[in-house]
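First the structure, in the form of structure tokens, and then the observations on it.
The values are calculated or read from the model by the stated rules, or taken from the named source; none is laboratory data. Values in this document were obtained by computation on a predicted structure and should not be read as measured data. No Cβ is skipped: glycine too gets one built from the backbone with ideal geometry, and neighbour counts run over all protein chains shown. These area figures cover heavy atoms from the full protein model, side chains too; ligands, DNA and RNA do not enter into them. Shrake-Rupley method; radii C 1.70, N 1.55, O 1.52, S 1.80 Å.
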Amino acid sequence: MNTKTKKCLGRVITLYIPLILFLVITLAPFYWILVTSLKTSTEVFARPITYWPKLLTVENYQYLFTKLGFDTYFINSLIVSVATTMLVSIFALIGGYAMSRYRFRGKGFVYVLLLCTQMFPAVVLMIPLFQTMNSLRLINSLWSLIITCSCTNLPFCLFMMMGYYNSIPRSLEEAAQVDGCSLMGAVFKILLPTMRPSIVATGAYAFINSWNVFIYATAFITDKKKYTIPLALNIFQGEFNTNYAGLAAGCVIALVPVLIIFAFIQKNLAGGATSGAVKG
């Protein structure tokens with residue numbers, strides 16, 4: 001065996017085989033969800049297990065939209081996620097710039113306070129947040145989820161934006177101001193165009209977290225017309241049985257927006273994630 005063959009064999013063993021195994025382990029659950037959603041309820045429980053439907057059917061998807069009203073739940077989740085993404089992105093841009101570029105009294109305390117907010121699990125915050133939303137008369141309103149998701153996602157997104165601002169030299173803004181540009185003009189004309197990857201990464205993080213919110217939704221939303229997709233998926237689990245085929249179809253629908261987002265922003269997402277991790 002010559003040297004070239006040994007190198008190729010070593011590359012296959014150390015690179016390609018682990019990558020293939022990783023892809024199989026990662027994609028297997030998605031494949032099984034898709035296959036289950038295309039089976040009848042009878043075939044889901046049939047033995048032996050079938051790894052591809054004997055009879056392809058879309059009745060599970062028809063059930064979602066014709067009888068369950070899944071389109072309403074989808075729109076509710078979309079409203080919550082888009083509104084949260086917009087609010088978090090705007091405030092993270094502003095707050096990240098302030099934390100990165102300005103020195104003020106209490107900055108360290110604010111930094112530690114924002115960091116501490118990430119240490120509390122959602123279950124601990126659920127009761128006080130419920131009391132707050134109840135006093136504001138926002139129970140069974142999508143605004144309760146929008147406000148809560150924005151507040152819980154903002155600290156981490158602010159840290160992401162602050163890290164990206166720190167990676168951009170101040171000389172860019174100073175050069176723009178020397179050329180006659182105002183501070184706001186330097187931010188909008190110089191910084192923001194170069195910050196697109198970071199903005200995309202921040203928005204994607206906020207969108208996915210708010211799209212998947214479940215604990216707060218169970219506390220704030222009891223009206224079925226205001227259900228989001230995570231709450232709607234819980235409908236398939238009954239007291240004595242579970243509609244696994246319908247649940248799988250609902251999971252596929254829930255995955256579609258996230259997959260579309262990653263397909264369009266994967267380059268910006270990778271760039272924004274790495275740039276936000278650089279300390280200036």
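What to note about this one:
- You will find that of Val256, Val213, Val252, the residue that is in a helix (DSSP H, G or I), touching a helix residue (DSSP H, G or I) at 6+ places or on another chain (Cβ under 8 Å) and not charged (D, E, K, R) is Val252 and no other.
- First in segment 169-192 and touching a residue at least 40 places away in the same chain (Cβ under 8 Å), second anywhere and open to solvent by less than 70 Å² (accessible area, probe 1.4 Å) and of a type in the set (Lys, Arg), Cβ under 8 Å, 6 or more apart: Arg170/Arg101
- Only one entry in Ile90, Ile13 is closer than 30 Å to Asn166 by Cα and free of Cβ contacts under 8 Å to residues at least 40 places away in the same chain, namely Ile90.
- In this structure, Cys181 does satisfy being at negative phi, hydrophobic (A, V, I, L, M, F, W, C) and outside any helix (DSSP H, G or I).
- Filtering Leu34, Leu19 for residues that are part of a helix (DSSP H, G or I), at pLDDT 90 or above, open to solvent by 60 Å² or more (accessible area, probe 1.4 Å) and among the hydrophobic types (A, V, I, L, M, F, W, C) leaves a single hit, Leu34.
- Of everything in segment 219-245 that is in a loop (DSSP other than H, G, I, E, B) and among the charged types (D, E, K, R), the residue that is surrounded by the fewest Cβ atoms within 10 Å (Cβ to Cβ) is Glu239.
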